[in-house]
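Contents: one structure, followed by commentary.
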Ligand code: 26Q
């Protein structure tokens, strides 16, 4: 396979072995006779990395020579997962590596297991960034990712007595072969201090920001190999270090201890990823992280631009910057500051440059997730930026006033500064005003932002500034790597692996949806994947599950809006039903394994209670002899990218059951269907477009629509809405102590019996009906498999390559650079 790509850097098996041994003996200073799996993983990685670096250098050289516009994807999260398998597959050298290590007595699978996940993200947003940089490289766009090199990624989750317990993610304990430290790239970043202005010799007012604390940003580069192409792009992650001067001063003053303390403080900036998913918390350190990363990245981008000796007005012709949510919005202000304060560009000219450079992607409409920073905190940390924001706001409001004279309410509504006490900086508004395009991540979501949270901005700017780019996923990791057997089977019908670069070619398997031989192979692969997951569950949870049962999976961050509580209430309902059955009735039951996984934010009490309930139900149900194989409940601890790669290919049904209008897109829904699982879901996020693509016969939809949600919530507020009768029985079981101390679940139950903000009761009957249909349909193996095949055949649209092409075309205006 490797030759087909024509990636000349990669030699054959013998060459790989030589390099492997060389790395064992020199890089690791060990003997090949005393080499464990960890050392072998590191040596193999080094050998692969060497090749990536050659391709990386070539790519960067070519991009510099071509001097075309580049795109920079700014994201505080890159949920990369493991790198080794991906690097081998993208470079087309898995076969030679596998054979190479096998000769030396190693199994490639064991080596792959040694690698810790790069878990620098929380969930959907971070994984999307990882898929996007894979696609940018695979489709040959010149593009870099910029992020933070957290010393600790998302915490590790253990389950103790049914509760989530967090521990730190020491992912950098052993040296990380996938990063290249660039100690020579050090950028000073300042915080705090004060501003002053003076009039220079030309009579111009100059603003200065000085007297603050300095820290240094050091670059770590992670090569991003494209699939089947020479193109290897860069992900640059910044780590914070104390500045040398600072240390020195203190040291000479004889204050060694405080010098050490200060340097440790500098390092805390990039120490840890904030573990909130879809929830804003206004901590100063978080704002420090944002500015640190934004300042270093912009400095780096500008340094590269300056080498081309172009005038500033051409900056947007050379540079596109995409803001992954509002987290990097300070970049808008920082670029304006550099242009006006440091480079002497006139305000209006600078502002044109700024707005033509940035694009902003919104990922949520949930009010609790929207970033708003208290003005006092902001002003203290970034005094000059605060002034610039006031000016941006002033000029913007003047423009609005001109367009809509006398609409004072409108001015207050769209002001970047919220007039609360204290005042708050609304980052989303700043991002909109500072960008030329704003996009949502699925059709419904993009409509919702236009009609709800950003409505006024559509009035002001017109509809063209707002657009949709439906999310996508990389088929390399989420099909070929996670499910190699399915990828091989598909290739046998498509005639090649070209579908991994052009996912619409999946359409070619549709004619085989009813072909018995193809169906058998399809079913056998699903069974293999279910056995692989069952082995994992046996190893980590310690019990057996029946692989002929329907595997029903919900894995994602635990959140009330994602409604894992509805799922577990449904499981309890199922349990109670089975308990009430005669032996004869039991014969008709479709056996099920209900699989849950996901992390809760450490401070999110309700989410933690949901985890506890799932585990409590699991304990009771799995031990109940009346139920036997008909129902098993599993909570898989520490759900992460690597576990997703095992879990997703094994699902028959996966649940994406957010309250309509709350899940912006979802991306795991796409991964499950691409792996031959069907969806049980609400009419929300990308479920809607998946339905359109695969056909409504190949998805199980239920529940109220987004347009009714507001009305229903209104009803709840003004009258007591009767509880769904089936749900009532579920609550009775919980309250009678069936799953242990009922007091533990008081708040969870009353959140539904009270205001039921997420409409669990309103949707419950519809949910049970859909589940019943799933049970019935799963019995008909023939139709089930043909639906599964048909669904996969129609998933081409959800490749992140397609999403990236749309961004490139309609937001970034960048062209791919051909590889000879
Ligand atoms: C903000 C401020 C302070 C601390 C943390 C945060 C923060 C961190 C992470 C806010 C939000 C997030 C993550 C959001 C997220 O993952 N959104 C998801 O994005 C996916 C990709 O577009 C969508 O598919 C999901 O629907 C959406 O929930």
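The values are calculated or read from the model by the stated rules, or taken from the named source; none is laboratory data. Since the structure is predicted, the reported quantities are computational estimates derived from the model, not experimental observations. We place every Cβ from the backbone using ideal geometry, glycine too, and count neighbours over all the protein chains shown.
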Filter the helices (runs of 4 or more DSSP H) completely within region 440-525 down to those with at least 1 residues that are within 16 Å of the ligand (Cβ to nearest atom) and surrounded by fewer than 21 Cβ atoms within 10 Å (Cβ to Cβ). 443-451
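Looking at region 103-202, what strands (runs of 3 or more DSSP E) fall wholly within it and have at least 1 residues that are within 16 Å of the ligand (Cβ to nearest atom) and in contact with a strand residue (DSSP E or B) (Cβ under 6 Å, 6 or more places away or on another chain)? If you could, list the steps in order and put the result at the bottom.
Working: elements: 118-120, 143-148, 156-160, 163-167, 180-191, 194-199.
Once the strands (runs of 3 or more DSSP E) in region 103-202 are filtered for at least 1 residues that are within 16 Å of the ligand (Cβ to nearest atom) and in contact with a strand residue (DSSP E or B) (Cβ under 6 Å, 6 or more places away or on another chain), what remains is 118-120, 143-148.
Would you call residue 309 in a loop (DSSP other than H, G, I, E, B), away from the ligand (no atom under 15 Å from the Cβ) and either more than 26 Å from the chain's Cα centre (by Cα) or outside the structural domain of residue 556 (by TED's automatic domain parsing) (or both)? It would help to see each step written out before you state the result.
Details: in a loop (DSSP other than H, G, I, E, B): yes; away from the ligand (no atom under 15 Å from the Cβ): yes; either more than 26 Å from the chain's Cα centre (by Cα) or outside the structural domain of residue 556 (by TED's automatic domain parsing) (or both): yes.
The answer is yes for residue 309.
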Kindly provide the set of residues from region 438-465 that are within 22 Å of the chain's Cα centre (by Cα) and over 30 Å from residue 505 (Cβ atoms), ordered by number. 438, 447, 448, 449
If residue 577 meets every condition in (1) touching a residue at least 40 places away in the same chain (Cβ under 8 Å); (2) part of a helix (DSSP H, G or I) apart from one, which number is that one? (1)
Looking at 300, 277, which is the one that is buried (at least 17 other Cβ atoms within 10 Å of the Cβ) and within 16 Å of the ligand (Cβ to nearest atom)? 277
Note down all Cβ pairs under 6 Å where the first residue falls in region 450-465 and is in contact (Cβ under 8 Å) with a residue 24 or more places away in the chain, the second is part of a loop (DSSP other than H, G, I, E, B), and they're at least six residues apart or on different chains. 453/365
Out of the residues in region 360-384 meeting the condition of being in a helix (DSSP H, G or I) and under 30 Å from residue 810 (Cβ atoms), tell me which one is nearest to the ligand (Cβ to nearest atom). 369
So which of 357, 329 ends up being away from the ligand (no atom under 14 Å from the Cβ), surrounded by 18 or more Cβ atoms within 10 Å (Cβ to Cβ) and touching a residue at least 24 places away in the same chain (Cβ under 8 Å)? 357
Which of the residues belonging to region 280-296 are more than 15 Å from the ligand (Cβ to nearest atom) and out of contact with any helix residue (DSSP H, G or I) (no Cβ under 7 Å at 6 or more places or on another chain)? 296
Matching entry among 686, 664, 650, 733 (being more than 16 Å from the ligand (Cβ to nearest atom) and under 22 Å from the mean Cα position of the chain (by Cα)): 650
Take residue 479 and tell me if it is touching a residue at least 24 places away in the same chain (Cβ under 8 Å) and under 15 Å from residue 89 (Cβ atoms). yes
Residues in region 607-614: is at least one assigned to a helix (DSSP H, G or I), within 16 Å of the ligand (Cβ to nearest atom) and buried (at least 21 other Cβ atoms within 10 Å of the Cβ)? yes
Scope region 738-752; condition without any contact (Cβ under 8 Å) to a residue 24 or more places away in the chain and part of a helix (DSSP H, G or I); matching residues: 742, 743, 746, 749, 750
